[in-house]
Amino acid sequence: MNNQDSLSHVIVVGGGTAGWITAGILAKRFDCANNQSMRVSLVESPNIPILGVGEGTWPTIRNTLQSLGISETEFIRNCDGTFKQGSEFVNWVHTPKDGEKSSYYHPLNSVYHSAYDFNLAAYWLLQDSENRQSYDFATASQAHICSVFKAPKKITTPEFSALQNYSYHLDANKFARFMHEHCVNKLGVEYISADVLRANIDNDGYISSLQTEQVGTISGDFFVDCTGSRALLLGETLGVAYQSIKDVIFNDRAIATHVPYENDDSPIASNTIATAHQNGWTWDIGLSERRGVGIVYSADHTSEAEAELTLKSYIGAQADSLSYRGLQFESGYREKFWKKNCVAIGMSAAFIEPLEASAIFLVEAAANMLAEQFPSTRDDLKYVSEQYNDIFRLRWDKTVDFVKLHYCITKRRDSDYWIDNCAVNSIPESLQDKLKHWQSHLPSKYDFDYAFEPFVLDSYLFVLYGMQFQTKVKYISNRLTEWEKAKYMFDQVQSVANKLNQELPTHRQLLNQVKEYGFSTI
Amino acid sequence: MSNYQPLDKSKHQELKIKPIHPCVLAKEKGVIPIGLRETVTACAEYPVVFVKDDSTGQFRLVVLVGLRPNQSLFYSSDGWLGKHIPKSARSSPIALTQIASDEHSLIVCVDTDSKMLSKVDGRSLFDDNGAQSDFLNELIADAEDLYADHQLVKPFCDLLLEQNLLSPFSLNVEAEDGSNLELKGLYSIDEAKLNQLDKDMLIKLRDQGALPFVYAMLFSMARIDSLLKRYNEQSR
Ligand SMILES: Cc1cc2nc3c(=O)[nH]c(=O)nc-3n(C[C@H](O)[C@H](O)[C@H](O)COP(=O)(O)OP(=O)(O)OC[C@H]3O[C@@H](n4cnc5c(N)ncnc54)[C@H](O)[C@@H]3O)c2cc1C
């Protein structure tokens with residue numbers, strides 16, 4: 001291939017969440033269903049199952065699905081989808097006394113709460129700390145809605161539109177099958193079922209083709225490595241090393257299970273429930289047919305048996321009748337994500353433990369950038385890949401900071417796990433600097449000024465003040481002048497919450513209506 | 001309240017129906033569902049639009065008879081104030097219902113709580129030999145017609161949605177008395193999109209017999225002014 005030849009055949013290797021989202025976004029952008037000039041193929045091993053966990057998404061997924069021409073109703077029906085309005089963090093703030101539960105919400109809402117234009121946090125901090133409402137309930141109507149298991153919209157709301165911002169919980173295996181069908185039938189992705197044995201490299205160090213067990217050689221112009229943590233192309237073939245961040249993010253094991261609902265009308269939470277334990281945390285995700293529950297922990301701090309006990313006691317009575325699956329991972333990322341004519345997306349590129357469910361979001365972001373900036377020829381690769389590597393390196397670094405934030409400002413000291421997590425040398429400097437600044441300054445939009453920041457001001461505020469982070473008010477009070485407006489906005493949050501509470505169906509009611517009737521497009 | 005029971009000769013042989021004025025059903029309804037064919041007559045008097053059913057999110061074809069939620073400018077204790085009484089607002093104790101297990105078979109039901117029923121006055125449902133009276137047959141035919149006409153709405157609506165021809169709108173008018181009348185959550189034909197429709201799609205609409213109803217809905221928008229006029233007259 002010449003450096004000026006057009007790169008017209010993209011091969012995605014891997015059919016997990018990352019592979020299908022990427023193939024779909026590329027095929028849509030290149031209009032493969034109607035136009036022969038670009039091809040997108042997806043090669044998947046018939047023998048290696050997909051990871052099949054990863055049930056939490058971000059609101060960007062709505063835009064992704066809609067732009068791929070997917071019906072929200074079909075998606076929900078086929079993937080056991082439910083509506084996610086944020087996360088509830090239980091027992092993260094301090095060590096719970098026996099049977100005690102404390103929690104805070106990190107809602108997704110930016111409709112009735114956006115600190116970007118007017119930062120209510122300052123006025124909240126100055127309220128009497130004994131008597132004020134918690135930060136989430138004081139500033140976000142969505143916290144109220146979540147706490148009573150209400151849905152973020154009504155059956156009369158058009159598909160993909162929201163009354164309160166939302167993303168989804170989904171069944172990862174069903175989602176991969178659903179996307180497979182849609183990408184092949186509607187978007188013109190070519191599907192090849194085969195085990196890739198190795199990639200062939202040409203004299204200039206580019207991947208030229210794949211050697212497969214079942215269908216011989218498959219050649220292509222550009223390769224997307226979605227092979228999961230093995231990173232067959234970028235890692236094994238092109239030799240890009242993996243950098244562990246174990247010194248910052250300790251968790252490296254998980255145990256996952258599926259928990260049936262007790263009955264047909266058990267409430268379904270419209271948020272992920274992340275509960276901190278002595279040596280890790282459990283996720284609890286309500287899908288329409290079951291809950292996905294699991295524990296994430298650090299092998300250096302506890303044993304598998306111990307972790308399983310914690311998980312089982314969290315699940316309660318049903319625990320002994322369920323089957324459990326152990327998973328290992330290492331948080332970290334590749335030195336680069338894009339080398340030559342190969343980019344890694346998904347677990348092959350990076351992984352940070354799932355506390356903020358950011359993996360699928362970053363897959364969407366990666367695929368969108370790849371589609372938008374897709375190199376026309378090999379001559380274009382250098383510029384685009386450097387730009388891409390810079391942006392994603394930054395996105396991952398920022399994600400690490402934000403995940404670490406949940407751990408390092410806790411007052412829990414009930415184990416080495418929490419003590420080690422708060423050790424200064426485990427906290428990235430970029431986060432230390434911010435935390436120091438915020439002891440005497442209110443977090444501001446200028447702390448998050450980069451266009452591609454994954455977590456911005458509102459998210460930080462919910463976690464910081466949910467975790468009862470102390471910002472010294474004496475430095476702030478004399479700079480505040482808009483008390484009237486603040487009072488109006490605090491009242492507004494409560495009245496909107498009351499109104500929504502009356503109007504909105506329960507989460508389960510809405511899911512039943514979606515199953516029976518579906519959303520309309522308008 | 002109503003209590004529909006399957007019509008049964010042995011139980012209902014003696015029932016008679018008293019004629020009372022025909023619009024009792026529509027007292028506080030600002031919108032009244034109509035069937036597809038009814039659009040053609042209704043459009044001369046009322047705006048014909050779609051609204052969503054609150055509990056299913058499904059579209060219903062309706063006529064607007066008021067300019068505020070639950071306001072009827074046509075209901076009066078002396079009778080309906082318009083020429084065309086929407087069929088589903090005419091009360092009849094006879095209705096058809098689907099059998100849950102089989103959506104294609106219908107059974108004839110009678111509302112045993114209806115005030116129109118009597119054992120003394122009115123016209124008999126069954127004759128002396130126990131056969132259905134002509135009157136009952138007429139009522140059943142009306143009910144069948146109403147049912148069939150309503151069944152046509154969904155395919156029509158799906159066709160419009162598929163062609164992207166519906167748009168949401170709110171009705172917002174100011175009355176003479178200064179009050180602001182508002183109705184939200186209405187859907188109607190998007191004229192601009194209709195005009196941009198490519199030939200094949202237009203032919204599809206024509207072949208499916210949808211075009212007259214599309215235009216009937218468009219023309220009916222002019223009836224918003226008639227409603228306002230009526231409102232102004234009534235509130236003077
Ligand atoms: C405990 C846990 C919880 C998580 N929770 C979340 C969450 O809530 N939200 C979130 O966004 N993310 C979450 N994640 C991350 C998420 O699971 C992954 O990002 C997601 O599964 C994407 O995986 P993938 O597609 O990159 O890889 P995989 O699912 O592993 O897919 C790999 C694909 O590559 C194919 N393959 C591999 N080798 C070959 C070969 N040699 N030849 C051909 N094909 C090959 C396989 O057949 C498979 O199709 C979680 C992860 C873990 C471990």
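The values are calculated or read from the model by the stated rules, or taken from the named source; none is laboratory data. The shown structure was predicted, so the numbers you read here are calculated from the model rather than taken from an experiment. All Cβ positions, even for glycine, are placed from backbone atoms using ideal geometry, and neighbour counts span all protein chains on display. With ligands, DNA and RNA removed, areas are computed over all heavy atoms of the protein, side chains included. Shrake-Rupley method; radii C 1.70, N 1.55, O 1.52, S 1.80 Å.
Residues considered: B:S76, B:S88. Of these, the only one that is polar (S, T, N, Q), out of contact with any Asp or Glu (no Cβ under 7 Å at 6 or more places or on another chain) and assigned to a helix (DSSP H, G or I) is B:S88.
Taking the range B:142-176 as the range and being over 20 Å from A:G518 (Cβ atoms) and among the small types (G, A, S) as the test, the residues that pass are B:A143, B:A148, B:S170, B:A175. Please indicate, with yes or no, whether at least one residue in the range A:499-510 is more than 14 Å from chain B (Cβ to nearest Cβ), surrounded by 18 or more Cβ atoms within 10 Å (Cβ to Cβ) and not in a helix (DSSP H, G or I). No, every residue in the range A:499-510 fails to be more than 14 Å from chain B (Cβ to nearest Cβ), surrounded by 18 or more Cβ atoms within 10 Å (Cβ to Cβ) and not in a helix (DSSP H, G or I).
Considering the range A:121-173, and only residues there that are open to solvent by less than 10 Å² (accessible area, probe 1.4 Å) and assigned to a loop (DSSP other than H, G, I, E, B), the residue that is nearest to A:E74 (Cα to Cα) turns out to be A:L170.
Looking at the range B:176-206 only, could you name the residues that are within 14 Å of chain A (Cβ to nearest Cβ) and either farther than 20 Å from B:C43 by Cα or in a strand (DSSP E or B) (or both)? Steps first, please.
Step one: filter the range B:176-206 for residues within 14 Å of chain A (Cβ to nearest Cβ), giving B:184-190, B:193.
Within the range B:176-206, B:K184, B:G185, B:L186, B:Y187, B:S188, B:I189, B:K193 meet the criteria.
For the range B:54-65, name all the residues that are more than 8 Å from chain A (Cβ to nearest Cβ) and open to solvent by 30 Å² or more (accessible area, probe 1.4 Å). Answer for the range B:54-65, where residues must be more than 8 Å from chain A (Cβ to nearest Cβ) and open to solvent by 30 Å² or more (accessible area, probe 1.4 Å): just B:R60.
Of the strands (runs of 3 or more DSSP E) lying entirely inside the range A:182-232, those containing at least 2 residues that are among the hydrophobic types (A, V, I, L, M, F, W, C) and closer than 16 Å to A:N47 by Cβ are A:196-201. Of the numbered criteria (1) surrounded by fewer than 16 Cβ atoms within 10 Å (Cβ to Cβ); (2) more than 14 Å from chain A (Cβ to nearest Cβ); (3) touching a strand residue (DSSP E or B) at 6+ places or on another chain (Cβ under 7 Å), the one B:P168 fails is (2).
Here is the figure for the range A:174-214: residues that are open to solvent by 50 Å² or more (accessible area, probe 1.4 Å), farther than 24 Å from A:R29 by Cβ, more than 15 Å from the ligand (Cβ to nearest atom) and of a type in the set (D, E, K, R) total 1. Figure legend. Inter-residue proximity from the range A:91-111: first residues without any contact (Cβ under 8 Å) to a residue 12 or more places away in the chain, second residues open to solvent by 40 Å² or more (accessible area, probe 1.4 Å), beta-carbon distance below 9 Å, spacing 6+ or different chains. Indicated pairs: A:P96/A:D414. Scanning the range A:298-331 for residues being open to solvent by less than 60 Å² (accessible area, probe 1.4 Å), touching a Lys or Arg at 6+ places or on another chain (Cβ under 7 Å) and within 30 Å of A:S385 (Cβ to Cβ) gives a total of 1. Please verify whether the range B:96-119 includes one or more residues that are within 14 Å of another protein chain (Cβ to nearest Cβ) and outside any strand (DSSP E or B). The answer is yes; a qualifying residue exists.
Each row is one residue, and each column tells you yes or no for (1) farther than 30 Å from A:I268 by Cβ; (2) assigned to a loop (DSSP other than H, G, I, E, B).
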residue: A:K411; (1), (2): yes, yes
residue: A:D447; (1), (2): yes, no
residue: A:P454; (1), (2): no, yes
residue: A:S459; (1), (2): no, no
residue: A:F462; (1), (2): no, no
residue: A:F469; (1), (2): yes, yes
